[in-house]
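Here is the structure we will look at.
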Amino acid sequence: MKAPLVAVLICGTMVLLSTPAGKSQNPESGANGSSATGRENKTAQVYAELDKAPQKARVRANPLEHDPDAIAAGRLLFEDHCAECHGAQAEGGKKAPSLRVPEVQNATPGTLFWLLTNGVVRKGMPVWSKLPEPQRWQVVRFLKSLGAPPAASPEAAAKPATKQANR
């Protein structure tokens with residue numbers, strides 16, 4: 001064989017061997033072969049447990065909805081029982097997802113209460129049914145007070161980070 005043909009064959013083989021099985025070289029894919037759609041599917045799977053709440057649970061109203069002390073009490077309970085996995089600001093971490101995302105923030109209080117009560121043991125979320133019911137409602141009240149993280153507006157992204165740049 002001629003040297004250029006051998007070089008092409010070697011390079012082609014190297015490319016094939018360097019691409020993990022099942023991963024595409026699609027330009028829309030990330031460096032690890034995951035696509036935006038793959039990430040969206042994973043996100044949907046993480047929050048799919050919310051959809052499993054029965055209708056009877058979904059429609060339950062939080063009896064502490066108008067209790068001015070419920071948010072502060074829920075914050076303390078969250079710090080004691082939830083922050084280790086969900087992060088101090090409920091932004092998520094290696095062990096558990098963010099609780100500030102629209103999927104959680106748009107869920108009904110009854111749905112969140114149901115999930116707290118029943119957990120998702122196979123995914124690492126403990127069952128909190130031994131926590132007294134009023135305390136579970138306080139945690140729900142705290143979670144709902146967080147809201148989703150604000151999306152960065154194009155105007156905010158275009159502004160300088162500090163005002164000292166203009167001085």
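We did not get these values from a lab; they are worked out from the coordinates using the rules stated. As the structure is a computational prediction, the values presented were derived from the model and not from experiment. A quick note on method: Cβ atoms are made from the backbone with ideal geometry, for glycine too, and the neighbour counts reach across all protein chains shown.
Overview of values
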| quantity | calculated |
| --- | --- |
| Coil-residue GluC sites (Glu not before Pro) of the stretch 41-145, DSSP, other Cβ within 10 Å capped at 16 | 65, 91 |
| Order of 104, 121, 140 - criterion: other Cβ atoms within 10 Å of each residue's Cβ, fewest first | 121, 104, 140 |
| Residue-by-residue Karplus 3J(HN,Hα) for the stretch 77-91, coefficients 6.51, -1.76, 1.60, Hz, glycine and proline x | 5, 4, 4, 6, 10, 10, 4, 4, 9, 8, x, 4, 10, 6, 7 |
| Sorted by Cβ density within 10 Å, fewest first, the residues 114, 128 | 128, 114 |
| Relative exposure of 78, 113, judged by other C-beta atoms within 10 Å (fewest first) | 78, 113 |
| Karplus-derived HN-Hα couplings along the stretch 55-68 (A = 6.51, B = -1.76, C = 1.60, θ = phi - 60°), whole Hz, x at Gly and Pro | 3, 4, 6, 4, 7, 5, 8, 6, x, 9, 3, 10, 7, x |
| Extension gain, residue 118 back to residue 67 (0.36 nm per residue minus Cα-Cα distance, nm) | 15.9 nm |
| Residue 60 long-range amide H proximity, modeled H, under 5 Å | 110 |
| Largest-first principal axis extents, alpha carbons of the stretch 47-146, Å | 33, 29, 27 |
| Under Karplus coefficients 6.51, -1.76 and 1.60, residue-wise ³J(HN,Hα) of the stretch 111-125 in Hz, glycine/proline x | 5, 5, 4, 4, 5, 4, 5, 9, x, 9, 4, 5, 10, x, 8 |
| Amide H contacts under 5 Å for residue 125, placed H, 5+ residues apart | 120 |
